[in-house]
Structure formats: C-alpha cells, structure tokens
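J.: The structure that follows is given in the form of structure tokens.
The values are calculated or read from the model by the stated rules, or taken from the named source; none is laboratory data. Since the structure is predicted, the reported quantities are computational estimates derived from the model, not experimental observations. Heads up, the Cβs are rebuilt from the backbone with ideal geometry, glycines too, and the neighbour counts pull from every protein chain shown.
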Amino acid sequence: MITWKNSSLILTWWIISILLGHAKIDLQLCPQRAITVRDPKWPNISPSFELFAELTDNSGTAEIIQTLTNQRDLVIQTANGETISEYWYFDTNEQFEILHLITDGQTSPACLRQVIGPLATTSTIRLTPFIKPSVLLGYNARDEINLNFGTKFIRASQLSFMPVNIFESCFYLNDLRITVAVTYHMTDIEKFPSFGYMNDSVPLRIEVRTKSTLADNEETYFYNIFRFLSNLTAEQQQQALSIPAGIFCLNQTNTKPAPSNLSDKISMNGEIQILSGEEFAIESVDTIYDRPFQFAQFKVWSNNSAQTIELHDFATGLIYRYFTSTQQCNVWRINSSMSDALPIPNQSHFFQMAQPLHLFLLDDMNFQYTGSRECHRQMRCHVWIGEKPLSSGTGFERREWYWAYEFNNRTIEPWIPVRLVRMHLNAQQKPVILTEMNGGSAVQLTNGTYHIRLLSEFIQFSSSNTQQPIVPKYIGSGFFRDMPVDQWEVCIVDKQIKRTERRVWSFVKPDFQTSADSKVNISIPLGYVMNASIVPNDGSMNLEFNEIISIVSFKPKIVDTSDFFALPQGTFCPNMMPNLVSLSDSGIEWPLRYTVRVVTTTSRGVRTNPLRLRVDNNADTRRARFDYMIDDENNYETLIIDYREQIKYVIDQTRGVCKILQGVSWPDVNPELNPIEFFLKLKETMLDQPPTNTWQYKGTRLCRGSTMHCVIYTMSLDNYPPMISPETGMPSAQNWDETHIEYAWSKRDLILTPQIDKPKILDYPVSLFLRTYQRIATSTGTEYRSEEIEYEFFEMSTDLPNDGFDISVCYRSRNWPYLHLAFMVKLSKGNLADSNHLNRKELYDRFLLMLQTTMAPISSTRIHQLEIDHDITLTADTLYVMFLLLGPTPAADPISGNISLTTPIPTDQLSVEAAREQLRSTINNGNFNINVQLLDSDRSNVTFMAVPDSLQNAKEFLAAHPLIFNGENTTVSEINMINMTNTIVHTVVVSEEKTEWKWSSRAQVGGIVGGLLIGLVVGIVAILIANLVMKKPSSPSQTTLPMLPITSTGHGNKQEILISNPTFGATQPNLISSNA
C-alpha cells in the first residue's frame, strides 16, 4: 500500500506538473501549446477496454494488446517472436513482468516483481519509449481519468475506405519529460453505423510524435488498431487482469485471504491424473474426513480400475488397507507419511489427526490471491497460488487452488474447492517437462494431395491449377500500414460471371523486424488492395468496387499440439469427409459390468446434479441401477431396472417406500430441466447401444484440466428429442430440430498393451455433451434457440459391488416373501479364513454361484447380502454363511405409483420355501462343497464343505450362536450429525459391543480387522439409514451445490486435482458417491 509520505509526494508532484506543464510544452510540436479541453465531438472512451494493435516505427513493428480497468492495466507485447506481459497494479503499487525463458530448448514462464514508486515511469510500455494506448486516449500514468487531457476536431476523412473523424491532442508527460503530439482517426458512426461498438466511436489509427526535454530528438510511431472492445464486464476484467494460471510471482501482495474456516467433517470425491514422461494414468478418490470421530476413509480406483479402501482410525492409531478385488486387508500403524497425520508436539513417535487445512495442503505455505477465472463450464473460481522450498533443498513445491464462488451466475456460499494443481520445480525454478500427444495439421493423402491447401493457394496469391492459373508479377517496393513492403500484382478473371480482379499484394521487407521470429526465413503477407469490375449481362454500366484486406498477427510457425485444430465442443459438420464411423472402430465400448459416477450440468441449471450408475449387462442378470437426488433437500431415489423381467423398482430412500413399474422405458422429459431423468433414457441409446456408422472423428482435445487428452467423436440427430410443455410436463407434439452429440473418451492407463483388433482401447469415458437446436422463423429471418446438457463421468470401475442391485427393501416394505438363511461351513485346511492367502472375492463369487445352482432354477438376482465370516464360538476351521433369499419376481403395481395395493406373486417361479428345501437337501447330502485355490507360493487348494443339518433361519441361527451378534453387555452413545445444508442436529443411538473373547494367535489379527471393518460398515450404514429416515429441513440461507471432482493431475512431479461433491459439516457417506 502507498504510505502517507509517498501519497504526499505524489500529490506534490501532480500539482507541480499542472503548474509547469504548459511551460515545458515543446512549441515546435505544439505551436498552440497543450490542449486541455475535450472537443464536443470527441467520443467517450470507456474506463475499461481491450485493444489489439500493431505498433510500427522506422525500425520494425510489434503486436500490442492492452486491457485497461480501474487502477490496473495489462500490456502484452510481441516482437521478433518473443512475448512479454506487463501487469500494472496501481492499487497495490506493483508491476509484474511475465517472461518466457528458454532453457535447454524448453520454454518456461518466469515472473519478475517491482514496486511502483512515486516517481516511477508508468506511462510507457516497459523497456521501450512507446506510450501506452490508454495514456494516448485520455488516461493518466496510473490508469485514472486525465482531467487535463484535451482534443480538437480537425476534419472528416477516410481511412482505408472507412469514414473517420480526425482529432488532434497535445500534452506533456512528467514522468518521461516529453511533449506528445497525437493525431487520431476515429470511426464516424453516423456515416458508417455498422462499425460502431456499443454505439461509440472507436480509434482505428493513432499517430504519435514525441520530443524529449532532455534530448532534442523527435520520435514518430503509429498504432493501427484492429480490435477495440469497450465496457468490459466484471468477468472479462477479472479474467484479463489475473496473473496466468500456474505462474507464481514472489512477494506479490495478497488481496484476498485463502479459505481457512473449514468444517471438521468433510466428504469429497476426486480424480488424479498422473503424467510421467510418456506414461499417463488416471486415478479416482472418494474421501470421508471426520475429526470428531477421529476417522478418515479414502477409496481409490487405480489406473486398472481396481478399488482400494484405506481406513485411518486415529482412536487406535491403525491404518487398514482393504483390496476389493481379493477382499483382503493389510494393517499397520499410522506414521508421518500419511497426509492426514501430524506428530503430537514433543512426542514425535505418536500421531494425531490433522486439521482440515492440513488435508487441503493450506497450512504449510503462504498463498497469494491471483484473481478469478472460469474454471469449468458456467463456473467461476477464486484462485490462490503459493510456493515453498522442498525440505530436501533440491527445489520447490508450487500449489494453485481453485475455489468456486459462482455457478450459472448464482453465488455459491460457502466457496467450494474444485481444483488443486501441484508442481515440483528444480533449484533453477524449472518445472518438469511435459510431453504432449502430437498430431499433424497438413496431412498428405494417398492421392498425393493435402487436406489443407497451401498458403499461396489459400490467399489466392498463386496457383498451379491449369484450369485457372494465377501467376504473380513483382511490381516494386512500397509501403503498407507504414511498413516497407515488396509488392506483387495478381490478376484473377472469372469468365462465367464476367468478373475481373486486380490485386496488389504486400509482403514485409526481409530486413524489417516484425512480431514474428526473425530467425524464421519466410515472407510475411500484410494484405492486398483490390480493384474489381463486373460486366453486367444486360449491357449496362460496369460495376466497379475496391477492397482492402489486412492480415494481422501472422504466425509463420505453428505449435503443433494435438488439440490445436480441435473444433469447439459439440460441433458436427454435415457432409464432412471421411465417412462416418462406429465408436467400436476405435475401441470405445462400455464394459459388460461397471459402475460410474455421473455429474450433470445444463445451460438452465443452478447446480450440478449427481448420479451413481451401476450396470450389469450379462445376459442372465441384465440390470441397471441409478441413485440420484430428486430435490434440493437431500432426498434420494434409487431406480433399479430388471431387463430380464421387464420391471422397474423405484425406491424412495428417504421414506423407505418402493414402487413397482412395468416396462423398462422412461417417459419423455425436458432435458435441460430434468437432466437425470433424461439420462435414464439416454443410457440405452448412447451407452448400451450407441448408433453405428454415424460418428465423426474430431481429433483430440484437452479435457478436465491441462493434462488429460480426450478423443472426440460427434454425431447429429434430426427431430430429437421431443419437446416438453413446461406447463403440463407432457410432450408438445414438437421435436427439437437437431441435436449435436459429442463423446469424449480417454485412457485410464496409456501403458496398457492394446488388443490386436482394437489398437486404441479407449477405456475411460470422460463426458457426453448434447446441444439441442430449434429454428424459429421471425420477420427478419431465421433465429436459433439452443440448450446444452453435459454428463461428465468419474470413478469408472469394473469392480461392481456384490450387492449393487439389492432390492430387498422392496420385499421388506411390501411384506413380500423372503427368507434370511444361515448355515455352517468347515475348511479342509485349518484356519485359512483369516489368512491373506485366501482370495475372498473369488470365494464370495463361488458361494454365490453354488447357491444359485443348488436352488435352480432361481436367478442369482434373488440372492442378496451374502456374508461369509468366522464363527468365534466354534473351532478355527468353521465359518458361517448368511444370506437373504428373495421370493419370486413381483408383478407391477396395478395402478402406477399406488403402493397400497397388494402385488400378486407369479406362480410359475420357485417359492422361497421350495428353494430352501433344495438347498437343505444338498447340504445334508454332503454335496455343497467349494474348492478355492490359495494365493500362497505352492498355489494349493482348500475346500469349503457345508456342515450337514446346519441350515437354519437367521433368527434361529443367531439364537444358537449368540456371540456372533451379542445384544447384551452394551453401552449407549450418541452420534451427532450436522448436514451442510441446514443447522439442525440429529441424534442417533448406536449400540457398542463390549464383549471380550480370547482368539487364537493367527485369528486374532484377522478378527480385529474383520470386526473393525464390520463395525465401520454397520456404523456408517446406521448413520445413513437414520439420515434418510429423518426428514431434514433445508436452510434458506445456504446453497447446496454438488461440484465436479477433485482432478489431481500429476506430471511426474506435478499434480492437478479437481474436486467434486465436497460436503462440509456432514461426513456420513454420500449415497451416490459411497456405494461404489
């Protein structure tokens, strides 16, 4: 900030400059002295604008972009292939230069900070004598309105055939001690109104002459302005004046404190992208963090889609890592390598659960606010960046946090974290080199031609076409836009329409410096002047007209990245070659069994809409499950579709009510207002059986951050989808005229060996985007209305939960027949049930198959909640098996939605009693045996044999084995849950088991692990059920906004983390994100 002393100096210097300004004016440049009154015809120059100009003097030309806002401006200059960005922050008296340094052939940005002193030179572009355009247009050296700036109208004229008004100004700059004479060419919007921006005249050309008081030399240069945008929005100003992403400026003044008041109860999802050299992988995470419970859970889906669950129990100081693929568990003590653990003061060998700031990496680094920017479609974020030395002294760690504060122009309170970028740099501040997937732009086809024309043909400078050859003729030197050029004459004759064109092309002289890299030996076109005539067929007077075409910002060298030529999202080009293809041609296919989390955004929505999808497309068990939130009050609904039985189960998770609907289709809905319901229909057409031979390949594009590359395919559907009346919610007998659909897929692990017949194997869906169009005829022509819907996919995994399609709540709530059965099993080899040599996932699948086979012809979909565990009341080689057997598939409700009617049970399916007796007979006859191969070194086998006469109903079984679930010797504790959307505290009563037993030495560890896992699962389920049963009132003062995932991108030493569904103040697992 400016000190009082500095403020006094500035005020004194300003007063002196006013008093002495006229005396210092050079009368040769300004014979009538300074002009201090603005001419009435002078247009109003907006206090916020952006201009793009070409700055030219007698030595060369450069490109200049300036953005002006209140007390801040940005100047980007590009000369001789190098770009320097200057940020002037007069509110904090700081100036930053962003340079692009080249080290070992690689370019990396660097930031230099300088304090703006009271006598600093701030009216020119840094390291040049050229005055900023804003100063020439009436603002002072500190981006404030210059009250002493004046202009004088000279005359009306033309510039390149455009009507303009010419003004003059003359003033003295104190910080440079120079006299400035300026001539302005401003658009005349009265004569050429179509050229006006917001009905204001804008500058087209500024001619500048300066003369220094210290050195008696005169300088002349010109600004040719090609774009001038005035009255910038707040978002445009913030976007332009923010330090670019990933750039850290040492000692920058922090103008907004980073978030620090975080809840002790947090739930969030994340996606980690890891790039190391040419190897790329994607991991997903689901985190629950609860300091009052001293508990943290981290679910991780690795790059091979396998799931790992890690539990941190700070109450016992233990970590449990559970592998769902084998259902095995490892246990060790909490240590300093854990991101959520900190050593207890003065007791470095003991650890405590860290504060949430530590989990979010906000407590060990000073962060500085860099501004706000768009961080996702329709979402804006505040951005902080920080840097600290590595403890090893070998480099630095840099972090950049994005916190969302606005979605679809709606304020988000409190702010929600959506992205974290982490990068390691070496001692020279050089980041890890990134390797991009490269693609070509001008590809030679098999017939020898190129799919992009040569530049000379594209600009019609020359052509070897024998039907209409174009041969340029050199006609000498000249000037074009104040630059020395070589001129070439081209004549083009079109005999069919009797049109003749004469074009004079101008190319910059080779020795004249431009914004392009001088080391690139190539001619740079500036444009042409055309004279044309057409001979009418009726013999009337020839039509003659003139045209000037200017080429600006010509870049002779294109950085050829994979997404450089990618079309905008959702773009479909009709009749485009090559031929349309099928997604399967590139290996894009959804697996037979998978689970994925879907986040939905629309152009009309005020929040994201989360959805958890589970799919089983096996022929004998084809099912799908959708879990989604139906309103803003955390009320959830589950839809389970049984395609074999052609029936739908609709479960209200809040009330525990189940409806049965006939058929598997879904009624038409409004996609932008009901995106979840629309996805239920979309799944069958775009996920299960996407259209064939209808897709255009659009190349690759960056997606979800700066590292992941997606392969893009688009298609178009006419007369789709049906339009829904907002008043009635029913189809309006009209369809959208056209819908463009875009699929984006990537690879979870680029190192995987591709299949021979499908070389691309894109195994990770990223997004499905739809843009609908409606043509509306108006009196002035045809207008287009469009809406957008995007479905983003996260946590894709083929590790489908065993009970992912459990419909037992319907049987319980509707009093349909079901049985809870249990029996005993003995092992052929000692106590292997508690050994990590046993693949428990395989064991579970074998038991499920055996049960289904034994009770045939029932389907495995009737068997749920299968539990296999050690019976501590018996010998070490004895297990118990418990499961739920559902009755025959029910018929649909006679009246859709009327759950009070009794649903008739079909008689052509095996009853639960008959199925039980079949199982009893098999067990008693000694035929229920399962062989499993162990994971030990000799890969030996173990047999699980059901104990004859042990099959019982679960109630009878538990009565005979009371120590499995002991209801005595318990104490009562209270668990307080606070949901992030309200302030009501709910209390749940939970029983804690206090029975102590002696275990065998080998079973002890396994028993502890199993007990803790069961206890955690039962506890979490109890909390969830209580939360769902109790209706939660919503708080009108807060906004619930499930966000997009944490995407952590790692480039060897760089990570970028995108966060989704962060929940503060409630750590009970989110129904949608936790049931993976």
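J.: Could you look through the stretch 495-520, keep only residues that are out of contact with any Cys (no Cβ under 6 Å at 6 or more places or on another chain), among the charged types (D, E, K, R) and not in a loop (DSSP other than H, G, I, E, B), and pick out the one that is surrounded by the fewest Cβ atoms within 10 Å (Cβ to Cβ)?
T.: Filtering first and then ranking leaves Arg499.
J.: Right, here's the next one. Looking only at the stretch 310-331, filter to residues that are hydrophobic (A, V, I, L, M, F, W, C) and over 30 Å from Arg846 (Cα atoms); which one of those is surrounded by the fewest Cβ atoms within 10 Å (Cβ to Cβ)?
T.: Ala315
J.: Among the residues that make up the stretch 538-550, is at least one of them in a loop (DSSP other than H, G, I, E, B), aliphatic (A, V, I, L, M) and modelled with pLDDT of 85 or more?
T.: No: the stretch 538-550 contains no residue that is in a loop (DSSP other than H, G, I, E, B), aliphatic (A, V, I, L, M) and modelled with pLDDT of 85 or more.
J.: Ok, one more. Condition first: under 12 Å from Ile641 (Cβ atoms), in contact (Cβ under 8 Å) with a residue 40 or more places away in the chain and in contact with a Phe, Trp or Tyr (Cβ under 7 Å, 6 or more places away or on another chain). Now tell me which residues in the stretch 657-680 satisfy that.
T.: Ile660, Leu680, listed by residue number.
J.: Sticking with this one: Looking for something charged (D, E, K, R), under 30 Å from Ile84 (Cβ atoms) and at pLDDT 85 or above - is there at least one such residue anywhere in the stretch 488-505?
T.: No: the stretch 488-505 contains no residue that is charged (D, E, K, R), under 30 Å from Ile84 (Cβ atoms) and at pLDDT 85 or above.
J.: Okay, next question. Scan the stretch 111-133 for residues that are of a type outside the set (A, V, I, L, M, F, W, C) and within 21 Å of Pro244 (Cβ to Cβ) and jot them down.
T.: Residues satisfying the conditions are Arg113, Gln114, Arg126, Lys132.
J.: When the residues of the stretch 360-411 are filtered to those that are hydrophobic (A, V, I, L, M, F, W, C), surrounded by fewer than 21 Cβ atoms within 10 Å (Cβ to Cβ) and in contact with a Leu (Cβ under 8 Å, 6 or more places away or on another chain), which remaining residue is nearest to Leu673 (Cα to Cα)?
T.: Restricting to residues being hydrophobic (A, V, I, L, M, F, W, C), surrounded by fewer than 21 Cβ atoms within 10 Å (Cβ to Cβ) and in contact with a Leu (Cβ under 8 Å, 6 or more places away or on another chain), the top hit is Leu361.
J.: Based on what the data block shows, is Met353 surrounded by fewer than 20 Cβ atoms within 10 Å (Cβ to Cβ) and either among the basic types (Lys, Arg) or within 23 Å of Asp264 (Cα to Cα) (or both)?
T.: Considered against the rule, which asks whether it is surrounded by fewer than 20 Cβ atoms within 10 Å (Cβ to Cβ) and either among the basic types (Lys, Arg) or within 23 Å of Asp264 (Cα to Cα) (or both), Met353 comes out as no.
J.: Right, here's the next one. Within the stretch 800-809, identify whether any single residue is assigned to a helix (DSSP H, G or I) and modelled with pLDDT under 95, and answer yes or no.
T.: Yes: the stretch 800-809 contains one or more residues that are assigned to a helix (DSSP H, G or I) and modelled with pLDDT under 95.
J.: Hey, another quick one. Can you list residue pairs whose Cβ atoms sit under 7 Å apart, with the first residue in the stretch 75-91 being within 16 Å of Lys132 (Cβ to Cβ) and the second being basic (Lys, Arg)? Count only pairs 6 or more apart in sequence or on different chains.
T.: Short answer, once both residue conditions are applied: Val75/Lys132; Glu86/Arg126; Trp88/Arg72; Tyr89/Arg72; Phe90/Arg72; Phe90/Arg142.
J.: Follow-up. For the stretch 158-176, indicate whether the set of residues that are on the phi > 0 side of the Ramachandran plot and out of contact with any Phe, Trp or Tyr (no Cβ under 7 Å at 6 or more places or on another chain) is non-empty.
T.: yes
J.: Keeping to the stretch 691-711, report how many residues are crowded, with 21+ Cβ neighbours inside 10 Å and over 20 Å from the mean Cα position of the chain (by Cα).
T.: Number of matching residues: 2.
J.: Hey, could you check the stretch 115-163 for residues that are closer than 20 Å to Thr69 by Cα and of a type in the set (S, T, N, Q) and say which is surrounded by the most Cβ atoms within 10 Å (Cβ to Cβ)?
T.: Ser134
J.: Do we have any residue at all in the stretch 233-255 that's over 30 Å from the mean Cα position of the chain (by Cα), over 30 Å from Met365 (Cβ atoms) and of a type in the set (Val, Ile, Thr)?
T.: So far as the stretch 233-255 goes, no, none of its residues is over 30 Å from the mean Cα position of the chain (by Cα), over 30 Å from Met365 (Cβ atoms) and of a type in the set (Val, Ile, Thr).
J.: Could you check how many residues of the stretch 116-139 are in contact with a Lys or Arg (Cβ under 8 Å, 6 or more places away or on another chain) and in a strand (DSSP E or B)?
T.: The number of residues fulfilling the criteria is 1.
J.: Ok, one more. All but one of (1) in contact with a Ser or Thr (Cβ under 7 Å, 6 or more places away or on another chain); (2) of a type in the set (A, V, I, L, M); (3) part of a strand (DSSP E or B) hold for Ile676; which doesn't?
T.: Here Ile676 meets the rest and fails (3).
J.: While we're looking at this one, here's another question. Specify the residue that is nearest to Ser260 (Cα to Cα); the eligible residues are those in the stretch 342-356 that are in contact with a Pro (Cβ under 9 Å, 6 or more places away or on another chain) and touching a residue at least 12 places away in the same chain (Cβ under 8 Å).
T.: The qualifying residue nearest to Ser260 (Cα to Cα) is Gln352.
J.: I'd like to know if the stretch 351-365 contains one or more residues that are among the polar types (S, T, N, Q), modelled with pLDDT under 90 and out of contact with any Asp or Glu (no Cβ under 8 Å at 6 or more places or on another chain).
T.: No, the stretch 351-365 has no match at all.
J.: What do you reckon, is Pro193 over 22 Å from Val529 (Cβ atoms) and under 48 Å from the mean Cα position of the chain (by Cα)?
T.: It is true that Pro193 is over 22 Å from Val529 (Cβ atoms) and under 48 Å from the mean Cα position of the chain (by Cα).
J.: Which of the residues spanning the stretch 327-341 are of a type outside the set (S, T, N, Q) and in contact (Cβ under 8 Å) with a residue 60 or more places away in the chain?
T.: Of everything in the stretch 327-341, those that are of a type outside the set (S, T, N, Q) and in contact (Cβ under 8 Å) with a residue 60 or more places away in the chain turn out to be Cys329, Val331.
J.: Test Asn80 against the criterion of being polar (S, T, N, Q), farther than 23 Å from Pro109 by Cβ and surrounded by fewer than 21 Cβ atoms within 10 Å (Cβ to Cβ), and give yes or no.
T.: no
J.: Looking only at the stretch 705-732, how many residues end up being farther than 19 Å from Pro675 by Cβ and part of a loop (DSSP other than H, G, I, E, B)?
T.: Total satisfying the criteria: 7.
J.: Checking the structure you have, find out if any residue of the stretch 821-843 is in a strand (DSSP E or B), closer than 23 Å to Ile640 by Cα and touching a residue at least 60 places away in the same chain (Cβ under 8 Å).
T.: Scanning the stretch 821-843, I find no residue that is in a strand (DSSP E or B), closer than 23 Å to Ile640 by Cα and touching a residue at least 60 places away in the same chain (Cβ under 8 Å), so the answer is no.
J.: Given the residues Met353, Met338, which is the only one that is of a type outside the set (Lys, Arg) and over 29 Å from Ala281 (Cα atoms)?
T.: Met353
J.: What is the residue count in the stretch 499-533 for residues that are under 18 Å from Glu547 (Cα atoms) and of a type in the set (Lys, Arg)?
T.: The number of residues fulfilling the criteria is 3.
J.: Still on this model: Looking at the stretch 610-620, is at least one residue farther than 27 Å from Ser302 by Cβ, part of a loop (DSSP other than H, G, I, E, B) and outside the structural domain of Leu768 (by TED's automatic domain parsing)?
T.: Taking every residue of the stretch 610-620 in turn, at least one turns out to be farther than 27 Å from Ser302 by Cβ, part of a loop (DSSP other than H, G, I, E, B) and outside the structural domain of Leu768 (by TED's automatic domain parsing).
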